Amino acid sequence: AQEFETELATLIKLLEPEHEGNWSPIVGQVRIEAGYEGAIAAALGDDLDAASDESAPAHWRLTKGDDSDPALPSGAEPLSEFVKGPAVLDRRLKQVGLVKAAQGKSLQGKLKVGQRLVSVEGDLWRWDGYTLKAGTATAAASRLVERGRLTGLKKEATLAETRAAKAEAELATARKEAMISGEALKAIRQIVKEDHNELDRMREAIALAEHESLTKSK
């Protein structure tokens, strides 16, 4: 339990958003389906460190374009289907296609300017030929993986608290029942004792009556 709490506290401290002034990295506003951390890290990389506040030195700004953004190659699913975040990321996420690792190289040549492909493992294929193999550690990828671990630990902590509360309630109930049983046993013992006393009194009364009866008959 102590190791679990220590790991949780360490992750929370390490993953506290680093920011200057009131500008927090946009990564803190991104919600990722479990298992897709490598894909989003490959797709955005250290761009996730920028803020969503336009007053920040490095920031994301909402641009809607003119609805002429190209479609992704057939077989690629928009990463926006698996990642939820601020509207300022929508355009970028829609231009990133999620594919199987074996498809990336063949589909790379079909990408339009600005587009890129990623795999859940963390591979990256960009429109201009830039390629990154899964397993190439980046600061962004590491943070996202740790964030996923932190989320898992928080869920485990919640479950552990629920189990502990249930166990405490069951223990309290058991103690109460044991107390009731103990009191019931004492009551029964008292009844038996009183019954024995009454029986002794009755025997004494019978013996006395028989003695008096014999005395009178003489």
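Only residues in the range 108-121 that are small (Gly, Ala, Ser) count as the first member; pair them with residues that are open to solvent by less than 30 Å² (accessible area, probe 1.4 Å) and not in a loop (DSSP other than H, G, I, E, B), Cβ under 8 angstrom, at least 6 apart or cross-chain, and list the lot.
Ser119/Gly38; Ser119/Ala39; Ser119/Ala42; Ser119/Leu98; Ser119/Gly104
Looking at (1) open to solvent by 90 Å² or more (accessible area, probe 1.4 Å); (2) of a type in the set (D, E, K, R); (3) at pLDDT below 75; (4) in contact with a strand residue (DSSP E or B) (Cβ under 9 Å, 6 or more places away or on another chain), which is the only condition Arg147 fails?
(1)
When residues of the range 115-133 are filtered for being open to solvent by less than 40 Å² (accessible area, probe 1.4 Å), part of a loop (DSSP other than H, G, I, E, B) and either more than 12 Å from Ala76 (Cα to Cα) or among the basic types (Lys, Arg) (or both), how many remain?
Adding up the residues that qualify gives 2.
Got a number for residues in the range 26-55 being open to solvent by 10 Å² or more (accessible area, probe 1.4 Å), among the small types (Gly, Ala, Ser) and not in a helix (DSSP H, G or I)?
Residues meeting the conditions: 5.
For the range 56-68, which residues satisfy the criterion of being at pLDDT 90 or above and either farther than 23 Å from Pro25 by Cβ or in a loop (DSSP other than H, G, I, E, B) (or both)?
Arg61, Leu62
Restrict the check to the range 94-101 and report whether at least one residue is surrounded by fewer than 18 Cβ atoms within 10 Å (Cβ to Cβ) and either farther than 23 Å from Pro25 by Cα or of a type in the set (Val, Ile, Thr) (or both).
The answer is yes, given that some residue of the range 94-101 is surrounded by fewer than 18 Cβ atoms within 10 Å (Cβ to Cβ) and either farther than 23 Å from Pro25 by Cα or of a type in the set (Val, Ile, Thr) (or both).
Please determine, by comparing only the residues of the range 48-69 that are more than 15 Å from Ala87 (Cα to Cα) and in contact (Cβ under 8 Å) with a residue 12 or more places away in the chain, which one is nearest to the chain's Cα centre (by Cα).
Asp49
Which numbered condition trips up Gly75, out of (1) of a type outside the set (D, E, K, R); (2) part of a helix (DSSP H, G or I); (3) at positive phi; (4) at pLDDT 90 or above?
Here Gly75 clears every test but (2).
Quick check: is even one residue across the range 95-105 outside any loop (DSSP other than H, G, I, E, B), of a type in the set (A, V, I, L, M, F, W, C) and modelled with pLDDT of 90 or more?
Looking for residues that are outside any loop (DSSP other than H, G, I, E, B), of a type in the set (A, V, I, L, M, F, W, C) and modelled with pLDDT of 90 or more, one finds at least one in the range 95-105, hence yes.
The values are calculated or read from the model by the stated rules, or taken from the named source; none is laboratory data. All values reported here derive from a predicted model rather than from experimental measurement. Virtual Cβ from ideal backbone geometry, glycine too; neighbours counted across all protein chains shown. Keep in mind that these areas ignore ligands, DNA and RNA; they rest on the heavy atoms of the full protein, side chains included. Shrake-Rupley method; radii C 1.70, N 1.55, O 1.52, S 1.80 Å.
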